[in-house]
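Read-outs: derived from the displayed coordinates by stated rules, not from any lab. This one's a predicted model, so the numbers in the text were calculated from it and none came from an experiment. Neighbour counts are summed over all protein chains in view; Cβ atoms, including those assigned to glycine, are modelled from backbone coordinates with ideal geometry.
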Amino acid sequence: MLTKAIARFIRVSPRKSRLVADLVRGKTVAEALAILQYSPQAAARLIEKTLRSAIANAGHNHQVRNLDDLTVGVVVDGGPSLKRIQPRAMGRAFWIRHRTSHITVTLAEATGAGASRPARASAPRGRTGAGAAGARPGRARAGAGRTTKSA
């Protein structure tokens, strides 16, 4: 049994929402509600509201009464950005992007000991190797190969 609730076009950055979503992913419903209730982030209120909607959907659509054996899954996707322009000095323009999120909360039955979040198989985020210093891989540095010799 899989129950879900989706909150779309939420005016909070997906990057900030994912920080809160990582806290509750794989937890039981009671643990997730406790974590979200005492989290100071604004995204915690929105994820909590979506989680309560998923709980109501489970009770109404699937007649689930015991929430102890359900685990929480949260996925935060990026929505469309509201684009604004801020005037800057010397006639320049600075783009302001008000980012939005699509929050999906799923409730699934716990499968036993492996119900918690699995370990990531991919490499950790961040820049490594030749691109770590800020230079683009496969390109020469700016100014490399130039000479000061005049004709």
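For this structure, a couple of remarks:
- Boolean, VAL24 is under 20 Å from the mean Cα position of the chain (by Cα), farther than 20 Å from ASP77 by Cα and among the β-branched types (Val, Ile, Thr): no
- When residues in the range 12-48 are screened for being of a type outside the set (S, T, N, Q) and touching a strand residue (DSSP E or B) at 6+ places or on another chain (Cβ under 7 Å), 12 of them pass.
- For the range 28-83, the tally of residues that are within 21 Å of ARG11 (Cα to Cα), buried (at least 20 other Cβ atoms within 10 Å of the Cβ) and touching a helix residue (DSSP H, G or I) at 6+ places or on another chain (Cβ under 7 Å) stands at 7.
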